[in-house]
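Here's the structure, in structure tokens; my notes come after.
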Amino acid sequence: MIMDRLYGGVCYAGIDTDPELKYPKGAGRVAFSNQQSYIAAISARFVQLQHGEIDKRVEVKPYVLDDQLCDECQGTRCGGKFAPFFCANVTCLQYYCEYCWAAIHSRAGRSSTSHW
């Protein structure tokens, strides 16, 4: 409810729990129904969650998938391997293989782009 109130478009929210102990791991996930809400949330970088006596500052990071091909070359420059880099800069939000990451992010204005 808090993320929806702040950014709108929340279609799923959940807390990650240990499968055996059923105890929270300290992380959660939120899915948005539109790109505008998603961009607003990850651009904020941190959000203050307040509910009752709980007051917690949490970091907002994009969820990165493990099985994505490079958005630039579709795997042609890396032998079809999955892309190990994700650029979380809101002007990019693309997956890259090592070759394309080096080529794209060495260009002027892109070198400071963060990745996961």
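Derivation of every value follows stated rules applied to the coordinates shown; laboratory data play no part. All values derive from a computational prediction rather than experimental measurement. Counting neighbours? That spans all protein chains shown, and the Cβs are built from the backbone with ideal geometry, glycine included.
Quick check: net charge around Lys25, other residues with Cβ under 12 Å of its Cβ, Lys/Arg +1 and Asp/Glu -1? That sum, taken over residues with Cβ under 12 Å, equals -1.
Listed peptides 9-20, 72-83 appear in the order 72-83, 9-20 once ranked by packing, highest mean of other Cβ atoms within 10 Å at the front. When you restrict to C-alpha pairs under 8 Å that are six or more residues apart and normalise by the size of the chain, the relative contact order lands at 15 percent.
Return one number: the angle in degrees, 0 to 90 and rounded to the nearest 10, between the long axis of the Cα atoms of helix 35-44 and the longest principal axis of the Cα atoms of the chain. That works out to roughly 80 degrees. Need one word for region 65-108: rounded, prolate or oblate. Basis is the Cα gyration tensor (sqrt eigenvalues a ≥ b ≥ c); a/c below 1.5 gives rounded, then a/b vs b/c decides. Judged from the Cα gyration tensor, region 65-108 comes out oblate (a/c at least 1.5, b/c at or above a/b).
What's the Kirkwood radius of region 2-59 in Å, using all Cα pairs? Don't skip to the end; give the middle numbers.
Values: mean 1/r = 0.0804 Å⁻¹.
By the Kirkwood definition, the hydrodynamic radius is 12.4 Å.
Along its first, second and third principal axes, ordered by size, the chain spans 51, 36, 23 Å in Cα coordinates. Could you tell me the calculated FRET efficiency between Ile54 and Leu21, based on Cβ-Cβ distance and R0 = 22 angstrom, to the nearest 0.05? According to the calculation, E is roughly 0.60.
Which whole-number percent gives the relative contact order of region 65-108, counting Cα pairs below 8 Å spaced six or more residues apart?
Values: 65 pairs, mean separation 16.1, N = 44.
Reported as a whole number, the value is 37 percent.
Scanning residues 5 or more positions from Phe32 or on other chains, those with amide H under 5 Å from its amide H are Cys11, with H placed 1.01 Å from N in the peptide plane.
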